[in-house]
């Protein structure tokens, strides 16, 4: 057995795919990962059921699957509460299993946590913590951990807005009046007044002055909190973004918070052709433990950005280059913040996470999958180039991070949490449950609010409709109607409804597996302390499907031009490249497409490239063995020590 490592550096690359890693290493696009692969251990990894971010990262660092860790999906439903009430799984208080760093603290080990998922709110027993991830940028929900509000667009045309309604504001440029200290200009200035943000939180008004500065047409924008040019916070020409602006806001919970954002002038083509982008409003408050490290971190790495903004691209507000540059900014911050943390303390364990690979694949993955109906062989190389760019940027930053790491005494573990498939269709799951008579609701066509009739509802899915459905059980659930004696019959009804869902184009079944809770162990979901959070029915969609938790109003137009709104009768929404997410990770974890990747190199590790995928719950015990540190006490997996005795 080789000498054991003294330290652990775990770099979490969300959704890094083993097949693409191998391809890009062979192409030369990931030279730093190649160095580690040539000297270390590499394996595919079967992840959790479902193969979703919070559940998987919880298992990676604890060795505990969902039934033990209590992280069933992206959301958590607590037993005894209304079935439509949920909590984010990225809250560390939801995790019921001990982590590697908590086990290490029992023997005095010091830890760095850098933007690691399922660690919010901040708290580390021995060490330091820099931020915490991640609530993903949902189309259906806005659930920020740190962000105060999402991005917005102010435009002279009607813009799409597929996430958090009210963010796309149609404006009309009017003749400017009442301004002082106006810059030199020609012609007649124009203006608008905007609320930042326009929805979700309360901020302040900004005045936007549109100028012709060179007598060649409108070409400059001044943005100020007052109609005084000397107080401007931004001066922009088309294609430019301003420095970060700091402001006080009141969030959706009524709490005053300090935030940062920037403006980007997307288009200034004239009076009727204007688009101004406002970025997400990120926190400008403390993001570290201890708190005094926040200012040092910002000086070293820049302001913290919780998530990038794929919806601005998919809604057509900005172009692909702007979105790709956002991902680059996140990669830059990850590298600088990680190096800052590694240099700040004498660490025994360090965990650092980056999510850019996952996000670019959510947006573009369908464009590189020949199985998709919208795949275009001519466009695929260009789309792959965008994905390759993100992998390459992450690899370059891995190289920089490792410059100051001694591989002879450090176990470097590069790990991802799940795989990817493309998306062809988005089934409206609640529509299908309603069609089967299991869920009854009314849709408020104005607010789009779904009002559940619990007195007639037998089943309700865990939001956002991934993997778990609960029986509305009398005696357990506040509005329960299913008698305990009818519980198993209700489970069978749900299973029958799921298996009857058929693709509207192919006619094929869209659900791969649906099983009652008593059989959850077949999916690695065991009856331990977190089992009461597991749904009464567990199901996995086939590759190329992702459930949509909404039901939308639809318009019926009569011959005389009048309209009325009805509940949308469609059972599916087709995915469209550059318009919706085209990549997803919801099918069975043993499916090859869902495999994650594990790469370990450094002290204690020889060169082994495993042919059979390892299990996600084996990783934490194996790492603990290599370090000679305590195994997390809730770990379900095995120590794969035979792989390292080389």
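The values are calculated or read from the model by the stated rules, or taken from the named source; none is laboratory data. Note that the coordinates shown come from a computational prediction; the quantities given were computed from them, not determined experimentally. Neighbour counts are summed over all protein chains in view; Cβ atoms, including those assigned to glycine, are modelled from backbone coordinates with ideal geometry.
Tabulated data for the structure shown
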quantity	calculated
Filter result (more than 9 Å from residue 533 (Cβ to Cβ), assigned to a loop (DSSP other than H, G, I, E, B) and under 22 Å from the mean Cα position of the chain (by Cα)) within the range 74-86	74, 84, 85, 86
Near pairs, Cβ below 7 angstrom, 6+ apart or cross-chain, from the range 263-279 (in the same structural domain as residue 208 (by TED's automatic domain parsing) and under 15 Å from residue 169 (Cα atoms)) to any residue that is assigned to a strand (DSSP E or B) and at pLDDT below 95	none
Residue that is farthest from the chain's Cα centre (by Cα), among those in the range 270-317 that are under 20 Å from residue 237 (Cβ atoms) and buried (at least 21 other Cβ atoms within 10 Å of the Cβ)	274
Residue within the range 131-143 that is at pLDDT 95 or above, farther than 23 Å from residue 268 by Cβ, touching a helix residue (DSSP H, G or I) at 6+ places or on another chain (Cβ under 9 Å) and outside any strand (DSSP E or B) present	yes
Subset tally (residues that are out of contact with any helix residue (DSSP H, G or I) (no Cβ under 9 Å at 6 or more places or on another chain) and either surrounded by 20 or more Cβ atoms within 10 Å (Cβ to Cβ) or modelled with pLDDT under 95 (or both)) for the range 159-168	3
Matching entry among 448, 456 (being modelled with pLDDT of 95 or more, assigned by TED's automatic domain parsing to the domain that holds residue 510 and surrounded by fewer than 17 Cβ atoms within 10 Å (Cβ to Cβ))	456
Residue list for the range 284-315, filter: in contact with a helix residue (DSSP H, G or I) (Cβ under 8 Å, 6 or more places away or on another chain), in contact (Cβ under 8 Å) with a residue 60 or more places away in the chain and not in a loop (DSSP other than H, G, I, E, B)	288, 293, 297, 310, 312, 313, 314
Residue within the range 101-113 that is under 18 Å from the mean Cα position of the chain (by Cα), at pLDDT 95 or above and part of a loop (DSSP other than H, G, I, E, B) present	no
Lone qualifier among 505, 525 - being touching a residue at least 60 places away in the same chain (Cβ under 8 Å), surrounded by 19 or more Cβ atoms within 10 Å (Cβ to Cβ) and assigned to a loop (DSSP other than H, G, I, E, B)	525
Verdict on residue 153 being modelled with pLDDT of 95 or more, outside any loop (DSSP other than H, G, I, E, B) and surrounded by fewer than 24 Cβ atoms within 10 Å (Cβ to Cβ)	no
Residue in the range 81-99 that is crowded, with 24+ Cβ neighbours inside 10 Å, closer than 22 Å to residue 390 by Cα, touching a strand residue (DSSP E or B) at 6+ places or on another chain (Cβ under 6 Å) and not assigned by TED's automatic domain parsing to the domain that holds residue 534 present	no
Members of the range 591-630 found to be at pLDDT 95 or above, surrounded by fewer than 19 Cβ atoms within 10 Å (Cβ to Cβ), touching a helix residue (DSSP H, G or I) at 6+ places or on another chain (Cβ under 9 Å) and part of a loop (DSSP other than H, G, I, E, B), listed by number	630
Residues (in a loop (DSSP other than H, G, I, E, B), farther than 30 Å from residue 254 by Cα and touching a strand residue (DSSP E or B) at 6+ places or on another chain (Cβ under 6 Å)) located in the range 202-236	213, 215, 218
Any chance residue 537 is closer than 25 Å to residue 63 by Cβ and either buried (at least 19 other Cβ atoms within 10 Å of the Cβ) or in the same structural domain as residue 52 (by TED's automatic domain parsing) (or both)	no
Residue 468, sole failed condition from (1) out of contact with any helix residue (DSSP H, G or I) (no Cβ under 7 Å at 6 or more places or on another chain); (2) over 26 Å from residue 48 (Cβ atoms)	(2)
The listed residue being farther than 18 Å from residue 546 by Cα and not in a helix (DSSP H, G or I), out of 336, 371, 378	378
Counted residues, the range 163-201 - those being part of a loop (DSSP other than H, G, I, E, B) and within 21 Å of residue 261 (Cα to Cα)	11
Subset of the range 172-185 [farther than 16 Å from residue 229 by Cβ and either more than 41 Å from the chain's Cα centre (by Cα) or at pLDDT below 95 (or both)]	175
Selection within the range 491-500 - surrounded by 17 or more Cβ atoms within 10 Å (Cβ to Cβ) and either under 24 Å from residue 67 (Cα atoms) or touching a strand residue (DSSP E or B) at 6+ places or on another chain (Cβ under 6 Å) (or both)	491, 493, 494, 495, 498
Where a residue in the range 316-337 is free of Cβ contacts under 8 Å to residues at least 40 places away in the same chain and its partner, wherever it lies, is surrounded by 21 or more Cβ atoms within 10 Å (Cβ to Cβ) and assigned to a loop (DSSP other than H, G, I, E, B), with Cβ under 7 Å and at least six apart	326/308; 326/309; 330/308
First in the range 567-593 and without any contact (Cβ under 8 Å) to a residue 12 or more places away in the chain, second anywhere and not in a strand (DSSP E or B), Cβ under 6 Å, 6 or more apart	none
Residue within the range 115-124 that is part of a strand (DSSP E or B) and either within 22 Å of the chain's Cα centre (by Cα) or farther than 26 Å from residue 266 by Cα (or both) present	yes
